[in-house]
Amino acid sequence: MATPSSIRLLVAEDVPQVSQHIRNLLSVQSQVKLLEVMGDGSKVVEAARQLKPDVIMVDLLLQGKLKGPQLIAALKAGGADIPVVVLTVPQHPVQRDPARGVDAVLTLPFSGFDLVNTLGHLMREREARSASACRVISIFSPKGGVGKTTIAFNLAVSLGQLGVATALVDGSLQYGDLRTLLKVPADVPSMLDLPTDRVQQSDLRDVLWKDPAGVDILLAPPRIEMAEMISARDIEKTISLLRQLYGAVIIDTSVSLSELTLAFLDASDVVLEIVTYDSTTIRNTLAVAEAFGSIGYSTAKLHYLVNRADSSGGLGRDDLVRALGRAADFEVPSDGRLVVQANNEGMPFVVIAPDAPVSQSIRQAAAVLMGARPASAPAVARR
């Protein structure tokens, strides 16, 4: 989450004098980074997707193919959850209306203090909402076979046991790992059955799979080639709507850093990366950490969970710390017999054997993650 010292601003403004006024105000302060000033409103939605600003400023009187009010509506419908400041003049007053995409209003002429204060207030509001509202957590690993899908399922069930209304999303769009794990029939609806224009709450409820363990699951398509029909924008809109319906959203992502995987990760408050003590996984984890750093993910967004932490195979905690420069946030012990039995039955092991160390460690991780803070020490339950 951005702080007042690093607010990334994208501006939609086609009047050169106003554009220059904004540039002049921001040139004498360091709290706001101006990403770009765009005169063509039709390009702003895509630019926002690429640049990932913290705030977008739109001139109400913006002309062109996509005028100011149309652009505001398009940004709201896009589901990216980026606050919009509407720029106007006294002759065209505007009221703040977040439900319609108007999160704040600035009336010309305004000072640098007015501009920075408005942006800072928006970011504080956004941080407060995130702290008390839904938590979106992506479960990711740069290598298969580390137990990612099993952990995602059991983590979602654990959150439900804590009283948190939880949705689980099968982000492995090509292979549908959760559909396979839970033995869901191929004719059960998937996210591909959602409308392509505007998704409503009723649409979402119609396609969610109600798992017996108490978790609502949004499944991936039943066939590999169908994944190509889902776009990054579809993902953004769907996650935005799930935020309004649930206290937590768990996403089981693919192992590849594709455009669609990045859409899931971008929409998440936390990325929980699953690692094991083997050289290939640690090497891939280090490479992904560098990629995440270049993307701009903060260290607070990234958490690490070591699965099968008591099966070191010659590598251990110190090796991981040397590679990543930090300790793992969570450790989960191995229990092959229980986990395999649960997976074969399509059941969560946290329900089958709630007192097992592996179940206790997952529940501890769930509680910490919902607290919006990393563990101060690895939450490990050993035999």
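Which of the listed residues, Thr280, Ile239, Gln70, is farthest toward the dipole's positive end in the chain, when Lys, Arg count +1 and Asp, Glu count -1 at the beta-carbon?
Checking the options against the dipole of the chain, the answer is Thr280.
Determine the gain in length on full extension of the stretch Ser42-Ala291; use 0.36 nm per residue of separation and subtract their C-alpha separation, reporting nm with one decimal.
Here the answer is 86.6 nm.
With Kirkwood radius over Cα pairs in Å as the read-out, I listed (i) 21.2; (ii) 22.2; (iii) 23.8; which label goes with the value calculated from this structure?
(ii)
Efficiency by 1/(1 + (r/R0)^6): what FRET value for Leu245 and Ser30, r their Cβ-Cβ distance, R0 = 51 Å, to the nearest 0.05?
In this case the efficiency is close to 0.85.
Could you tell me what percent of the DSSP beta bridges with both partners in the range 20-123 are antiparallel, to the nearest 5? Before the final figure, lay out the partial values.
Details: 1 of 9 bridges.
Once the DSSP bridges in the range 20-123 are tallied, antiparallel ones form about 10 percent.
Using 0.36 nm per residue, how much length does the chain from Lys301 to Met229 gain when fully extended, once their Cα-Cα distance is taken away?
23.0 nm
Using per-residue counts of other Cβ atoms within 10 Å, averaged over each peptide, order 31-37, 140-146 from highest down.
Working: 31-37: 17.1, 140-146: 19.9.
Ranking the peptides 31-37, 140-146 by packing returns 140-146, 31-37.
Per DSSP helix of 4 or more residues, -39500 (n - 2.57); summed, then divided by the residues of the chain. What does that give at 222 nm, rounded to the nearest 500?
-12000 deg cm²/dmol
When the Cα centres of the range 137-153 and the range 68-105 are compared, how far apart do they sit, in Å?
The range 137-153 and the range 68-105 have Cα centres separated by 38 Å.
For the range 243-383, what class follows from the C-alpha gyration tensor (a ≥ b ≥ c being the square roots of its eigenvalues): rounded when a/c is under 1.5, otherwise prolate if a/b is larger than b/c, else oblate?
Details: a/c = 1.58, a/b = 1.17, b/c = 1.36.
Note, shape of the range 243-383 comes out oblate.
If you count the DSSP beta bridges with both ends in the chain, what percent of them are antiparallel, to the nearest 5?
That works out to approximately 5 percent antiparallel.
For Asp193 and Asp318, compute 0.36 nm times the residue count separating them, minus their Cα-Cα distance, and round to one decimal in nm.
40.4 nm
Give me the 1.4 Å probe accessible area per residue for the range 2-67, excluding ligands and nucleic acids, in Å².
For the range 2-67, the per-residue accessible area is 49 Å².
I need the shape label for the range 1-76. Rule: rounded when a/c is under 1.5, else prolate if a/b > b/c, else oblate, with a, b, c from the alpha carbon gyration tensor.
oblate
From the phi angles alone, apply the Karplus equation (6.51, -1.76, 1.60; θ = phi - 60°) to the range 152-162 and give each ³J(HN,Hα) in whole Hz, x where the residue is Gly or Pro.
4, 5, 6, 5, 5, 5, 4, 5, x, 5, 7
Can you give the local net charge around Gly325? Use residues other than it whose beta-carbon is closer than 13 angstrom to its beta-carbon, Lys and Arg +1, Asp and Glu -1. Before the final figure, lay out the partial values.
Working: positive: Arg322, Arg326; negative: Glu290, Asp318, Asp319.
Around Gly325, the surrounding residues sum to -1.
Could you sort the peptides 90-100, 361-371, 184-194 by per-residue average Cβ neighbour count (10 Å cutoff), highest mean leading?
In descending order of packing, they fall as 361-371, 184-194, 90-100.
Using a basic spin-label model with each label point 7 Å from the Cα along Cα→Cβ, how many nm lie between Ile352 and Glu259?
4.0 nm
Could you let me know the centre-to-centre spacing of the range 329-371 and the range 158-181, using Cα atoms, in angstrom?
14 Å
Skipping prolines and chain starts, which residues have an amide H placed within reach, meaning under 5 Å, of the one on Leu168, given they are 5 or more residues away or on another chain?
Asp216, Ile217, Leu218, Ile250
For the range 54-175, which whole percent of the accessible surface, found with a 1.4 angstrom probe, sits on carbon and sulfur atoms?
After summing per-atom areas, the C and S share lands at 55 percent.
Does the range 143-195 classify as rounded, prolate or oblate by the C-alpha gyration tensor (a ≥ b ≥ c root eigenvalues; a/c under 1.5 gives rounded; else a/b over b/c gives prolate, otherwise oblate)?
Note, shape of the range 143-195 comes out oblate.
Which of Val58, Leu302, Ser42 sits farthest toward the positive end of the charge dipole of the chain, with +1 on the Cβ of Lys and Arg and -1 on the Cβ of Asp and Glu?
Leu302
If you count only protein heavy atoms with a 1.4 Å probe, what accessible area per residue comes out for the range 286-338, rounded to a whole Å²?
48 Å²
Report the label-to-label distance for Glu125 and Lys183 in nanometres (one decimal), using points 7 Å from each Cα along the Cα→Cβ vector.
Here the modelled spin labels are 5.0 nm apart.
Ranking request for peptides 105-112, 237-244: highest mean number of other beta-carbon atoms within 10 Å first, then the rest in descending order.
Taking the mean over residues of other Cβ atoms within 10 Å, the ranking is 237-244, 105-112.
The values are calculated or read from the model by the stated rules, or taken from the named source; none is laboratory data. Because the structure is a prediction, the values reported are computed rather than measured. So basically every Cβ, Gly included, is an ideal-geometry build from the backbone, and we count neighbours across all protein chains shown. Remember, those area values only see protein heavy atoms, side chains included, never the ligands or the DNA or RNA. Shrake-Rupley method; radii C 1.70, N 1.55, O 1.52, S 1.80 Å.
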